């Protein structure tokens, strides 16, 4: 899913994108390049299982940003919690020795997160569009006459 791509399901056409940010527990700088690379792959796999797409990924030593295309049937909070728990489990298993230097317990992500909707139009543009609905009568095409029976 790219910036303008529309997806379709049985009775819906949609383009839903979220910007998600996860921060490491205690803002510890645990995300070295190898961990960031593994996280990108893990998030892509987890999202695919949820009928979602990882559009873009980036991060620094203590946090990551995801741009995600989602399916309209999803509960966002459940998706977020699954992303955090599954990615955390994978990283703790794969990088146990590295993470033991930062955490005595099986921590990885801070429990808080950021999620925001992302769209091609600003809120003001959409608001003006919705407000203008029904305010102007559009000329209609003349109906074609049915042939005589």
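What follows draws every value from the coordinates through simple rules; no lab data is involved. Note that the structure is predicted; figures quoted are calculated from it, not measured. Counting neighbours? That spans all protein chains shown, and the Cβs are built from the backbone with ideal geometry, glycine included.
What is the helix-to-structure angle for 76-94, meaning the angle in degrees between its Cα long axis and the longest Cα principal axis of the chain, kept from 0 to 90 and rounded to the nearest 10? Result, in degrees: 30.
Cβ-to-Cβ counts within 10 Å put 24, 125, 30 in ascending order as 125, 30, 24, the fewest first.
According to the square roots a ≥ b ≥ c of the eigenvalues of the Cα gyration tensor, what is the shape class of the stretch 1-78, taking rounded for a/c under 1.5, prolate for a/b larger than b/c otherwise, and oblate for the remainder? Cα axes put the stretch 1-78 in the prolate bin.
Panel order for 117, 87, 10, 15, by other beta carbons found within 10 Å of each beta carbon, from fewest to most: 10, 117, 15, 87. Estimated at 0.36 nm per residue, the fully extended path between residue 44 and residue 75 surpasses their Cα-Cα distance by 9.4 nm.
Shown here: the chain, whose C-alpha atoms stretch 84, 36, 23 Å along the first, second and third principal axes, sorted largest to smallest. Zone of residue 7 (label point 7 Å along Cα→Cβ, backbone N under 18 Å): which residues in the stretch 79-117? Residues 79-84, 115-117 fall inside that zone.
The ranking of 62, 124 by Cβ neighbour count inside 10 Å, starting from the fewest, reads 124, 62.
Roughly what angle does helix 123-132 make with the longest principal axis of the chain, taking Cα atoms, 0 to 90 degrees, to the nearest 10? Tilt of helix 123-132: around 20 degrees.
Computed from the Cβ-Cβ distance with R0 of 30 Å, the FRET efficiency linking residue 19 to residue 103 stands at 0.65. Dividing the helix sum by the residues of the chain, where each DSSP H run of 4 or more adds -39500 (n - 2.57), gives a mean residue ellipticity at 222 nm of -11000 deg cm²/dmol.
Computed from Cα atoms, the angle from the helix 33-49 axis to the main principal axis of the chain rounds to 40 degrees.
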